[in-house]
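These notes are about the structure you will find just below.
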Amino acid sequence: MIELGIPMLLIVMDGLGDRPCRELGGITPLQAAYRPNMNSLIRRGLGGLMHSVSAGMTTGSDTSHLSLLGYDPVRFYSGRGPFEAMGLGLRLSGGDLAFRANFATADSEGIVLDRRAGRLDEDASELADALCMEMDGLSFQVKAGVEHRAALVVKGDGLSDRITDTDPHSSGEKVKEVRALDKEALFTAEVLNKYLAEARSILGKHQFNLRRRENGKMPANELLLRGAGLTPKLQPFREKYGFNGACIAGIPMVKGIGSLLGMKVLEVEGATGTVNSNFRNKMDSAVEEMRNSQFVIVNIKGTDAAGHDGNAILKKRVIERFDQALEPIMDLDVTVCITGDHSTPCDFREHSGDPLPLLMSSPGSRRDGAKFFDEISCMNGSLRLGSGDILQYMRQLSGNDEKYGA
Ligand code: ZN
Ligand code: ZN
């Protein structure tokens, strides 16, 4: 066990990085925001830029958060299936098999009439619940997402993701059987085909679909699977670092990653993962939790949501409201790092590979003269880190690391 120093707080403002915005006269939302607390923190410490995973790489929130927590996604990431399932609120463990799924409409011959069941306009949770079951020593869990989207997770021993999709990827074609791509996957393919036959029979006579047929709507009578992925088996956070970690987030995917790593996942009232989330409650919880956990990660999703909406003024407002919520941490004896997980420029409406502004503030740390926390000012700061180095850098500032060598 290592000897512990001061607690560490990593604040990830999702999609924080931006480019000059037309709506803001050519500056970024962070530059435009009134942000006295962020500027005060950077003046007490170090500023700079952070590359998400590696320079110029455009990352998703899943790969970037793994990297920020010190787990190299290039080694461990196994495709979107498990992370999308976590995004729908399913809790996964290493070795679980996960799929992205669609509720679809098929005819009696198994020909897909609509891959999206007429873009389901009602909550399909009751269908998903009906498809949760135990079979052949495995547990099957289905969770409905928005419209026709869903996820399937299979838990148990001996599973493989070396199998094919059942989704034919276009209408007018037959639903495919799951096929094994190697010998080790034969059991998985067999049990999935059995499960899907059972699922078809349940969906075909479910009240939900009888109702839809009566109303002249397409029944959601087929669960199409794609993107099989085995959940990576990752070393638990506490075992890797020698101290406790906690996770505060509104969005299920980040909570799912925390849970996968065995971190404490806090439920915070009003933490919605939207632009209206209760930031103050999240920061109060972080302060409280730092009594128990040496490391706390907080995800703020509103900045990314505003970026995807192309709403620079909203993104600026989210940043301003979050800056106010930093009040309770301003005078604590802790190391604070604020950055993002990737850029989501408003004029682009998607993630980009632009580096993120970064600040590290820790009692007694060096000061590099950085004055403002934003994408442009941070170019003059001293730090140039990859996301995979963030936690290590925080550890050394906080006295939570071990000497490498004698
Ligand atoms: Zn993100
Ligand atoms: Zn995003």
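What to note about this one:
- Separation in nanometres of the label points that stand 7 Å from Cα toward Cβ, at ASP309 and SER40: 2.8
- Cut-off 20 Å, label 7 Å out along Cα→Cβ of LYS176, residues of the range 108-127 by amide N: 109-117
- Residues in the range 58-87 that a label on LYS240 would reach, taking backbone N under 16 Å of a point 7 Å out along Cα→Cβ: 61-79, 83
- Taking 0.36 nm per residue of sequence separation and removing the Cα-Cα distance, the ASP165/GLN392 pair yields an extension gain of 77.8 nm.
- Residue separation of GLU267 and GLU122 scaled by 0.36 nm, minus their Cα-Cα distance, works out to 49.5 nm of gained length.
- Packing here is the average count of other Cβ atoms within 10 Å per residue, and on that basis the peptides 389-398, 190-199, 6-15, highest first, run 6-15, 389-398, 190-199.
- Summary value for the range 84-230: 32 percent relative contact order, contacts being C-alpha pairs under 8 angstrom separated by 6+ residues.
- Considering only the range 119-270, percent of DSSP beta bridges that pair antiparallel, nearest 5: 75
- Beta bridges from DSSP with both residues in the chain: antiparallel share about 60 percent, rounded to the nearest 5.
- Of LYS255/LYS316; LYS155/LYS301; LYS282/LYS316; LYS183/LYS255; LYS301/LYS371; LYS155/LYS240, pairs whose Cα-Cα distance is over 27 Å: LYS155/LYS301; LYS183/LYS255
- Close amide H pairs (under 5 Å, H built 1.01 Å from N) link ASP96 with THR231, residues at least 5 positions away or on another chain.
- All alpha carbon pair distances within the chain were sorted into 10 Å bins beginning at 0; the resulting P(r) in whole percents reads 5, 21, 28, 22, 15, 8, 1, 0.
- Taking other residues whose beta carbon is less than 11 angstrom from the beta carbon of ARG395, and scoring Lys, Arg as +1 and Asp, Glu as -1, yields -3.
- Histogram of C-alpha separations across the range 84-230, 10 Å bin width, %: 12, 45, 34, 8, 0
Values quoted throughout were computed directly from the atomic coordinates according to the rules given, and no laboratory measurement underlies them. Bear in mind the structure is a predicted one, so any value in this text is a computation, not a measurement. Using ideal geometry, Cβ is built from the backbone for each residue, glycine included, and neighbour counts are taken over all protein chains shown.
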